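Every number here is computed from the coordinates shown, using simple stated rules; none is lab data. Worth saying up front: this structure is predicted, and the values here are computed from it rather than measured. Here the Cβ positions follow ideal geometry from the backbone for every residue, glycine too, while neighbour counts run over all protein chains shown.
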Amino acid sequence: MRVGIPRIVAAIIALFCVPVNFAASANDDYPSRQITLTHGFGAGGNADAIARIVADGLSRRLGKPVIVEARPGAGGNIASDRTAKAAPDGYTLIMLTGGHAASAAMYKALPFDPVEDFQMISTVVFFPFVIAVKSSHRFQTLADLIVEAKAKPDTLTYSSVGVGSTQHLVGELLSSMTGIKMIHVPYKGGGGPINDLLGGQIDILIDTLTITAPQLTAGTIRGLGVTSEKPWFSIPGVPPIAATVPGYEVRSWLGIATSKNVPQPIAEKLNRELRAVLETPDIKDKLQAMGNQVRSGSPEDMRSMIASEISRWKQVIDTAGIQKQ
C-alpha cells in the first residue's frame, strides 16, 4: 500500500495536467490557421479600408492569412453580435468603431453586452468627422446650413452609416445644440453616402476623413466643419464646428477585439503583435495619410474608453431627447 498510493496520486496528477499542457501547446501554436477580421460596415468605407491595412500587417507578423470580412447592417451590430458569439479561440476578430459605443447608448436592447462580451485587444486610430456638401451647393459655411435648417425644418437631409452610428449622433448632436431639425438618411456604410451626395440625392454628408479627404482635395465637396475641437492636421482648411457652435466636439476611433474568454496568452500575443504592426513605418504612414491619429494601447485602456463613451453618449441622447431605437 505504501508503494501503491504515491503511484495512484502521481497518475491522478498527470491526468489533470494533460488538459493544461494541451491548452498551453494550443496557445503556443497560435495562430495555426487563417484568421478572420470582420467589421460591420460596407466595403470601401472607413472601417473596411483601415481593416485591410491592419490585416495585411498582422498577416506578415503572425505568418498566417488575416482576411477581412464585411458584415454590414444595424450600425455594425450584426458583426458585433457574430463576434460576441464566436468560439473563444482568437480566430474571429472584429474592427470595432466608435459606433459600438454609440449603438449601446442608442438602442434600448442589444443581443450582446458591448463591454463584457468582448476581449478588447487595442485601439488602432482616432479621428474626427466632416460635415460637407457638394462644392456647387449654396451653403458656403455651417452658419448658412443652420440658418436654412431653422427657417425650413425637416427639409434638409443628412447621411450616416446606420441608425445609432457615430455619424448619426454627430447630426443629432448638431441639431440639439442649434435647435434645428433635419432628416436622417441611414446607409450601410461604404461609398453609398458620398455617391448620393455627389448625385444630389442627399444634401449633407457626415463621414470620416477616409471618405471625405480625397473629395475635399479634388474639390468635389466643401467641408463646412470638422468635429474636432481644433482644426485637424490633415484638413487645416476646414473650420471646427466649435467655431460656430461653441462646445461642440466629437471624435471617433477604431480598435480590434475578439470574443470573451479567449485564453490570456492569445489575447496578449494579439495585443503585442497589433501594437508592433501600428509602429511599422509603412502601416503607420498609410493610416496617417488617411487623416488618422495612430494610437494603440492596452486591452484595459480600450475597455475603459468604451465604457466611458457609452456613458457619454447616453447623456447626450437623454439631454437631446433623441428617441432610442
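Can you give me the relative contact order of the chain as a percent, contacts being Cα pairs under 8 Å and 6 or more apart?
Numbers: 624 pairs, mean separation 84.5, N = 325.
Dividing the mean separation by the residue count of the chain yields 26 percent.
If packing is taken as the average count of other Cβ atoms within 10 Å, what order do 70-82, 270-282 fall into, highest mean first? Walk me through the intermediate numbers first.
Numbers: 70-82: 22.2, 270-282: 16.4.
The packing order, highest mean first, is 70-82, 270-282.
A Förster distance of 51 Å, applied to the separation of the beta-carbon atoms of Ile67 and Lys150, puts the FRET efficiency at 0.60. Counting 0.36 nm for each residue step from Thr220 to Gln34 and taking away their Cα separation leaves a gain of 62.9 nm. Database remark: amide H of Ser122 closer than 5 angstrom to the amide H of Ile256 (H placed geometrically; neighbours at sequence offset of 5 or more, or on other chains; Pro and chain starts carry no H). The stretch 166-196 and the stretch 30-60 have Cα centres lying 26 Å from one another. Taking a Cβ cut-off of under 13 Å around Phe139, the surrounding Lys, Arg, Asp and Glu residues balance to a net charge of +1, with basic ones at +1 and acidic ones at -1. Annotation for the stretch 254-325 versus the stretch 213-253: alpha-carbon center distance of 22 Å. Expressed to the nearest 5 percent, the antiparallel share of DSSP beta bridges inside the chain is 60 percent.
Comparing Gly200, Ser159, Val185 along the charge dipole axis of the stretch 129-243, the residue lying farthest to the positive side is Gly200, per the Cβ-charge model. Note on percent of Cα pairs over 33 Å apart: of the candidates (1) 22; (2) 30; (3) 47, the value calculated from this structure sits at (2).
Arranged from highest to lowest average of other beta-carbon atoms within 10 Å per residue, in what order do the peptides 144-153, 315-324 appear? Don't skip to the end; give the middle numbers.
On the way: 144-153: 15.9, 315-324: 13.2.
Ranking the peptides 144-153, 315-324 by packing returns 144-153, 315-324.
Relative to the Cα centre, the charge distribution of the chain, modelled as +1 at Lys and Arg Cβ and -1 at Asp and Glu Cβ, gives a dipole magnitude of about 360 debye.
For each pair in Lys150/Lys230; Lys108/Lys188; Lys64/Lys269; Lys108/Lys314; Lys134/Lys181; Lys188/Lys284, compute the distance between the two Cα atoms and list the pairs where it is over 22 Å. Kindly include the intermediate steps, with their values, before the conclusion.
Numbers: Lys150/Lys230 26 Å; Lys108/Lys188 20 Å; Lys64/Lys269 14 Å; Lys108/Lys314 11 Å; Lys134/Lys181 20 Å; Lys188/Lys284 27 Å.
Beyond 22 Å: Lys150/Lys230; Lys188/Lys284.
Which of the chymotrypsin sites (Phe, Trp or Tyr not before Pro) across the stretch 224-265 are loop residues per DSSP, with 12 or fewer other Cβ within 10 Å?
Values: sites: Trp232, Phe233, Tyr248, Trp253; in loops: Trp232, Phe233, Tyr248.
Answer by residue number: Phe233.
Rounded to the nearest whole Hz, the Karplus-based 3J(HN,Hα) values (6.51 cos²θ - 1.76 cosθ + 1.60, θ = phi - 60°) of the stretch 120-132 follow the sequence 5, 10, 5, 5, 10, 9, 10, 6, x, 10, 10, 9, 9, with x at glycine and proline.
For the chain, what does the helix formula give at 222 nm: sum of -39500 (n - 2.57) over DSSP H segments with n ≥ 4, over the residue count, nearest 500 deg cm²/dmol? Before the final figure, lay out each step's value.
Values: 11 runs with 147 residues, N = 325.
Helix contribution divided over all residues of the chain: -14500 deg cm²/dmol.
Partner aspartates and glutamates whose Cα lies under 17 Å from the Cα of Lys85, excluding those fewer than 8 positions away in the same chain, are identified as Glu69, Asp113, Glu116, Asp117.
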